[in-house]
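The values are calculated or read from the model by the stated rules, or taken from the named source; none is laboratory data. Small disclaimer: the values here were computed from a predicted structure and weren't measured. Don't worry about glycine lacking a Cβ; one is built from the backbone with ideal geometry, like all the others, and counts go over all protein chains shown. Just so you know, the surface numbers come from the protein's heavy atoms only, side chains and all, with ligands and any DNA or RNA stripped out. Shrake-Rupley method; radii C 1.70, N 1.55, O 1.52, S 1.80 Å.
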Amino acid sequence: MRVIIEQDSGSVARRAAGFIAALLRSNPSCVLGLATGSSPIGTYQELIRLHRDEGLDFSRATTFNLDEYAGLGPDHPQSYRFFMQRQLFDHVNVTPDHTHVPDGLATDFAVSCAAYEARIRAAGGIDLQLLGIGSDGHIAFNEPGSSLASRTRLKSLVRETIRDNARFFGSEALVPRLAVTMGVGTILDARQCLLVAAGRGKAEAIRGMVEGPITASNTASALQMHPHVCVVLDEDAASMLERREYYRDAERCQLLLEAGERQALGLPVAG
Ligand code: GLP
């Protein structure tokens, strides 16, 4: 796991957007896995800026969102489809037909979830999956206790998530009890995962994910099994990590390597 600690949520957003923009530039037809919640909003704002100011092109990309509330349609202001339109899709040149969000109004969820998985496979799999993390360590809506091999399915939300998300709905009673979510196994199939988190409220979940045991009690910890994960944190979200200083050292080495500064690292320089 590559752990990057930035000073504040603004630099987290710029860094995360930088990774996504680099992928879009090197592979304009890439398949992006997208996330909702407050965590990725800054990243989307930076991507919109890069589209506007630097012509970052989304027209050939395909997107798959992680999850959707069951029972909410695309016009419901708290649906994740609505969120994606407002926070990103309406402001960049993504091709509408290329954007996918699980169907919250399916009449048969087993069928629509299997179809969602099939669509991801048909698109060639997800190149980069953007993720936030719940305060209980969930990724997408894979609540504690979810199988680490799970696929897209209907999932009941735990009370902590309902409480956390009540701020968007006005009251806990209005938060849906069920969601359609990619499984942990679906997420682990992505070629690369990029998780963003900011604020003290995420510090414990982040410690469990990065330094705790792999456990269904913190489904994000399954990312420890993935060979290409980058976690971008602000100081507060990183505040409970025991190996903070090591991650900073490792990141300095990584940046020197990327800049070709091999000498500074005591490595042999060619020719
Ligand atoms: C929801 C979403 C998750 C998200 C989490 C954290 O539960 N399903 O994908 O990571 O909220 O939300 P926030 O970023 O608002 O803290």
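Expressed in Å, the radius of gyration and Dmax of the Cα atoms of the chain are 18.4, 68.
Shown here for segment 169-236: GluC sites (Glu not before Pro) in loop regions (DSSP other than H, G, I, E, B) with at most 13 other Cβ atoms within 10 Å, of which there are none.
From most to least packed by mean Cβ count within 10 Å, the peptides 74-84, 51-61 give 74-84, 51-61. What is the calculated FRET efficiency for residue 242 to residue 151, with r their C-beta to C-beta distance and R₀ = 41 Å, to the nearest 0.05? Efficiency, from the Cβ-Cβ distance: 0.75. Taking all protein chains together and rolling a 1.4 Å probe, residue 12 ends up with roughly 10 Å² accessible. Amide H contacts of residue 6 (H built 1.01 Å from N, in plane; Pro and chain starts excluded): 233, 234, 235 sit under 5 Å, all sequence-distant by 5 or more or on other chains.
Per residue, the solvent-accessible area of the chain (1.4 Å probe, heavy atoms of protein chains only, all protein chains present) comes to 46 Å².
Please state the equivalent ellipsoid semi-axes for segment 61-185: what are the square roots of 5 times the Cα gyration tensor eigenvalues, largest first, in whole Å?
They are 22, 18, 14 Å, listed from largest to smallest.
Ordering 183, 219, 269 by Cα displacement along the dipole of the chain toward the positive end leaves 183 in first place; charges were set at the Cβ atoms of Lys, Arg (+1) and Asp, Glu (-1). Determine the share of the chain's accessible area contributed by carbon and sulfur atoms, expressed in whole percent, with a 1.4 angstrom probe. Carbon with sulfur: 50 percent of the solvent-accessible area. Considering all C-alpha pairs of segment 144-241, those separated by over 17 Å amount to 59%. Helix-only arithmetic for the chain: the sum of -39500 (n - 2.57) across DSSP H runs with n ≥ 4, divided by the residue total, places the mean residue ellipticity at 222 nm at -10500 deg cm²/dmol. Only Cα pairs under 8 Å and 6+ residues apart enter the sum, and on that basis the relative contact order of the chain stands at 23 percent.
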